[in-house]
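Have a look at the structure below before the remarks.
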Amino acid sequence: HVIAYTGSSQEVYGAKATINVWGPTIQVANEFSLSQIWILSGSFDGSDLNSIEAGWQVSPELYGDSRPRLFTYWTSDSYQATGCYNLLCAGFVQTHNRIAIGAAISPVSSYTGNQYDISILVWKDPKLGNWWMSFGDNTLVGYWPAELFTHLAKHATMVEWGGEVVNSRANGKHTS
């Protein structure tokens, strides 16, 4: 888990991430690798952290393959009972019919070759309070309704950019 973040206790109403896309090697199905942006508000040591997340991830357990895929996630209770990836529960509302949440991203970057990025912008609608997500050149993909959240219903207090790797070191190998 490696991140960069804004200072806490700020009023944040949007943030953008430009993320280099890779096709990391996943050793076993329950491991994953991702790069994302987090929009956060609430307590990190309690049960009321609200989080909006978007980026790319490789998760054989979730998608059945090892391709990098566009994803969204949300929680309103510190990942305890609410929230889910993509469209697997009520939450994120997709409004665009050509950019699919969960779709594979191609092409991907290579160590000595071409580099490929995705851009994700998340911002709060000042009228209705929903958190919108745009992809690429500001193509609206969908939104997280304001009523999903307690703290994010007002504003975010922190933004994080970074990545995570879940690695069990199966057979002595490392997920990248």
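At a glance:
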| item | result |
| --- | --- |
| Residues in region 76-97 that a label on residue 127 would reach, taking backbone N under 20 Å of a point 7 Å out along Cα→Cβ | 93-96 |
| Kirkwood hydrodynamic radius of region 60-117, Cα pairs, Å | 13.5 |
| Lysine pairs within the chain, Cα separation less than 26 Å, 8 or more sequence positions apart or different chains | 5 |
| Binned Cα-Cα distance frequencies in the chain - 10 Å width, integer % | 10, 38, 37, 14, 2, 0 |
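Every number in this text was worked out from the coordinates using simple rules, so none of it is lab data. Just so you know, these numbers come straight off a predicted model, no measurement behind them. A quick note on method: Cβ atoms are made from the backbone with ideal geometry, for glycine too, and the neighbour counts reach across all protein chains shown.
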